[in-house]
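Each remark here refers to the structure printed beneath this line.
The values are calculated or read from the model by the stated rules, or taken from the named source; none is laboratory data. A quick note: this is a predicted structure, and the numbers were derived from the prediction, not measured. When we count neighbours, we look across all protein chains shown, and the Cβ atoms used for this are built from the backbone with ideal geometry, even at glycine. Quick note on the areas: whole protein, heavy atoms, side chains included, nothing else; ligands and nucleic acids left out. Shrake-Rupley method; radii C 1.70, N 1.55, O 1.52, S 1.80 Å.
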Amino acid sequence: TLPLLLGGASFGNRVVCEVLRSHRAELPSRACNALLLCGFPLNPPDKAEGADQKRPAHLLALPAGVRVRLLQGGKDEFNGPRGILALNELVAQMAATAEVVEVPGGQHTLPAAKGLKQLNWTQAQVNTFVVDAMVEFARLAAAAGGA
């Protein structure tokens, strides 16, 4: 039986954080203690940083022993006024083991990206980058196993 890796995009990230945190015992034993999160909505666009404290709380509530990879677009409008720096600072405060993988030019709707010409990237390269980051994490999570 293959391991089960939970993942989400946008609001779905917040949902899977809560599922793994509060319903871990109800998940199948093959579920990994890992989350693959794409485009975490840290800050509502056009709002002051920290305007919605529930958003970072989903990540901060994850326990030690959970591994998290956040695939985050460098141009994601949900990063907030300081950009991806705010998410990196939040990750440093987490009990879970987490890392941010910045997608060059990536928007909230990964793998869509903009400003690629200036970055000397193509959309095909961004797509490959995102898939490779997902596959690598899935392999790491599967090797670590479930509960």
Mind listing whichever residues of region 96-126 are open to solvent by 60 Å² or more (accessible area, probe 1.4 Å) and in contact with a Pro (Cβ under 8 Å, 6 or more places away or on another chain)?
-> LEU119, TRP121, GLN123
Quickly run through region 25-50 and pick out the residues that are in contact with a strand residue (DSSP E or B) (Cβ under 8 Å, 6 or more places away or on another chain) and outside any strand (DSSP E or B).
-> LEU27, PRO28, ARG30, GLY39, PHE40
Working carefully through the options GLN107, GLN125, find the one that is in contact with an Asp or Glu (Cβ under 8 Å, 6 or more places away or on another chain) and either at pLDDT 95 or above or farther than 20 Å from GLY65 by Cα (or both).
-> GLN107
Mind listing just one residue for me: the one in region 7-48 that is surrounded by 14 or more Cβ atoms within 10 Å (Cβ to Cβ), charged (D, E, K, R) and modelled with pLDDT under 95 and, of those, farthest from the chain's Cα centre (by Cα)?
-> ARG30
If we keep only residues of region 54-73 that are open to solvent by 30 Å² or more (accessible area, probe 1.4 Å) and in contact with a strand residue (DSSP E or B) (Cβ under 6 Å, 6 or more places away or on another chain), then the residue farthest from VAL15 (Cα to Cα) is GLY65
